[in-house]
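I have placed the structure first, in the form of structure tokens, so that the comments after it can refer back to it.
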Amino acid sequence: MSYLIYVAIFGAAAVLFLWIRDARIYFRTGLPGYRKAAYNGVGYGAIASLGGGLTLTMPNFELLGLGLILAAMYLQGKIVREKVWENEDTFTRFIGHVARPMANKK
């Protein structure tokens, strides 16, 4: 078993985590950039999962699986999102915590 299997598992998990983080930010703020990122993240998560599964089940195709995972990461990073943080710490950004807008703000 190659070390690339562990790289593939970590990469697929990272893509899925970023998708869930984008969805959380969208549900808290309603910003259209994060809406697009959350919706497209479903497809990118599927591509990354396919790449991870391909790497795990077919050791001869582990480079193809890693290529699918890297493509999913690249495409997920190309989506334009609004700026939601200013001076927050790293952990706050990591978990996707943002302030909710006030409902009756004028």
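Every number in this text was worked out from the coordinates using simple rules, so none of it is lab data. Worth saying up front: this structure is predicted, and the values here are computed from it rather than measured. No Cβ is skipped: glycine too gets one built from the backbone with ideal geometry, and neighbour counts run over all protein chains shown.
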Cβ-placed point charges (K, R +1; D, E -1), dipole of region 4-79 about Cα centre in debye, nearest 20: 400
Ranked T29, T57, T92, criterion: other C-beta atoms within 10 Å, fewest first: T57, T92, T29
Expected-Rg normalisation [2.2 N^0.38 Å, Cα atoms] applied to the chain: 1.25
Extension reserve of the H97-L64 stretch, reckoned as 0.36 nm per residue once the Cα distance is removed: 8.4 nm
Computed E for E86/I20 - FRET, C-beta separation, R0 22 angstrom, nearest 0.05: 0.45
